[in-house]
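For reference, the structure discussed in these notes is given below.
The values are calculated or read from the model by the stated rules, or taken from the named source; none is laboratory data. Keep in mind it's a predicted model, so treat the numbers as computed, not measured. Reconstructed Cβ throughout: ideal geometry from the backbone, glycine too, with neighbour counts over all protein chains shown.
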Amino acid sequence: MANEQERLPLNLDATALAGLFNDELQKAFESLGSVNLAIFGKTGSGKSTLLNAIFAQAIASTGIGMPVTKGMNYYRHPNGYLGIYDSEGFEMGTSGDAILTGLDRIVSKSNSGPMDQRIHAVWYLIRSSDRRFEVAQQSFISAIAALGLPVIIVMSQVPVKQRDGALEVHPDAVAFAKYIESLKLPTFGDGKVFLTNALPDSFNDTVIYGLQELLNATYDVVPLAAQTALTAAQGVDTRRKKDAAAAVIKQATVVASGIGTVPIPVADAALLVPNQIAMIARVTAIYGLPSSRARALSMAGSAIFTGGATYAGRYVATHLLRYLPGGIVVGSVISGTVAATLTRAIGFAWLKVCEYAISLPDTEQESFFSSSQAKEAFHGYLKSEK
């Protein structure tokens, strides 16, 4: 191992490479920007449950919370890419008018600031079992829309069963949604109501429903500048994460190809590592991993990722080059094409690690990354990329 460290590029030892990853990961999170969502609804409408289902974590318990106006709190994800305005005021008896007045001030102030400080989308939740949609609720929704905020009406806790391979939505919920839609409120989709059920219930035989459709609608109203942050934050659509990560890997392979424009000796494959570290950091951020920046930085200090990247460059150079078109043999040089192939293999191996990690509960994610499991999984996926 000592000989490997002596051959690292740019006079970077393992500690310096860990610091480089630390810097790159922080830049990757910052480059995501932020998506801010406001969520309204009566007591028991299931706001927290829906947020946890869409974003795969307990926002209020993990985020940094602060009161921003009467009846509203703002929660910021520790990594900075997700903000939630939560209207606890309805539970506390604060009137809708007071909340709207405060919300108007927030919108007026944020609209003159950076894009990542604005409210990008609003969810208004109506519980399916309420069976009533009051005039006050209609007026509140219209007033939010009048502030220039895109509102999505969400019906929560909708009973949905699976029968004979098909989903069956409770007819009362469907009828209630149609009534609300007939009012043609100034919301996304000309008053469309998005039916959801965030928690399965085996006793009542109900299943999760409507989350992907709600997420798609949120993407439709969120500005392009905030969509990368939404991709990192959401935990429903892994395809969007994979597509964004694949774009990062493609960009890194182009950079690697440029590095190899002047062919590099195979022994100097580690010259590609700084580019690979930046790529791994950006892919990690796109997957929203890990869930805490503090943990991310501590893991960077353990050099799991940087050691893995260094290993990967040498492993591919000494063991996998023979599989490349043209039968490159060990002892030859790394051309631009080969450098790109190495980097692509590393990128997609790490992508698979991230895909696996997001399938784990938060507590297991921390254990996975802070132990040797992530590195071992990375090496295993790398071999499969040959």
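Do any residues in region 130-143 that are within 17 Å of Gly44 (Cβ to Cβ) have Cβ atoms under 9 Å from those of residues that are part of a helix (DSSP H, G or I) and at pLDDT 90 or above, where the two are at least six apart or on different chains, and which pairs are they?
Correct list of pairs: Asp130/Phe176; Arg131/Asp172; Arg131/Phe176; Arg132/Phe176; Phe133/Phe176; Phe133/Tyr179; Phe133/Ile180.
Per-residue answers, yes or no, for (1) of a type in the set (Ser, Thr, Tyr); (2) at pLDDT below 90; (3) assigned to a helix (DSSP H, G or I):
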site	(1), (2), (3)
Ala98	no, yes, yes
Trp123	no, no, no
Val158	no, no, no
Gln162	no, yes, no
Lys178	no, no, yes
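Mind checking whether some residue in region 146-167 is buried (at least 20 other Cβ atoms within 10 Å of the Cβ), more than 26 Å from the chain's Cα centre (by Cα) and closer than 25 Å to Val221 by Cα?
No, region 146-167 contains no residue that is buried (at least 20 other Cβ atoms within 10 Å of the Cβ), more than 26 Å from the chain's Cα centre (by Cα) and closer than 25 Å to Val221 by Cα.
Condition check: out of contact with any helix residue (DSSP H, G or I) (no Cβ under 9 Å at 6 or more places or on another chain) and among the aliphatic types (A, V, I, L, M). Does Val207 satisfy that?
For Val207, the condition - out of contact with any helix residue (DSSP H, G or I) (no Cβ under 9 Å at 6 or more places or on another chain) and among the aliphatic types (A, V, I, L, M) - is met.
Restricted to region 16-54, and to residues that are closer than 30 Å to Gln157 by Cα and small (Gly, Ala, Ser), which residue is farthest from the chain's Cα centre (by Cα)?
Gly44
Working only within region 332-386, note down all residues that are of a type in the set (A, V, I, L, M), under 23 Å from the mean Cα position of the chain (by Cα) and farther than 16 Å from Arg282 by Cα.
Within region 332-386, Leu360, Ala374, Ala377 qualify.
Does Asp172 fit the bill of being within 25 Å of Asp205 (Cα to Cα) and assigned by TED's automatic domain parsing to the domain that holds Ile99?
So Asp172 passes the test.
Is it the case, given these coordinates, that Ala146 is among the hydrophobic types (A, V, I, L, M, F, W, C), under 20 Å from Leu211 (Cα atoms) and assigned by TED's automatic domain parsing to the domain that holds Thr101? Full working, then the answer.
On the way: among the hydrophobic types (A, V, I, L, M, F, W, C): yes; under 20 Å from Leu211 (Cα atoms): no; assigned by TED's automatic domain parsing to the domain that holds Thr101: yes.
No: the conditions fail for Ala146.
Mind listing whichever residues of region 273-291 are more than 18 Å from the chain's Cα centre (by Cα) and of a type in the set (S, T, N, Q)?
Asn275, Gln276
Return yes or no: is Phe194 under 16 Å from Ser129 (Cα atoms) and in contact with a Gly (Cβ under 9 Å, 6 or more places away or on another chain)?
yes
When region 180-200 is examined, which residues are found to be at negative phi and loosely packed, with under 12 Cβ neighbours inside 10 Å?
Ser182 - this is the single residue of region 180-200 that is at negative phi and loosely packed, with under 12 Cβ neighbours inside 10 Å.
From the list Gln212, Gln137, which residue is of a type in the set (S, T, N, Q), part of a helix (DSSP H, G or I) and crowded, with 18+ Cβ neighbours inside 10 Å? Even if it seems obvious, please write down each step before you answer.
On the way: Gln212 fails: crowded, with 18+ Cβ neighbours inside 10 Å.
Step by step, each of Gln212, Gln137 is checked, and only Gln137 is of a type in the set (S, T, N, Q), part of a helix (DSSP H, G or I) and crowded, with 18+ Cβ neighbours inside 10 Å.
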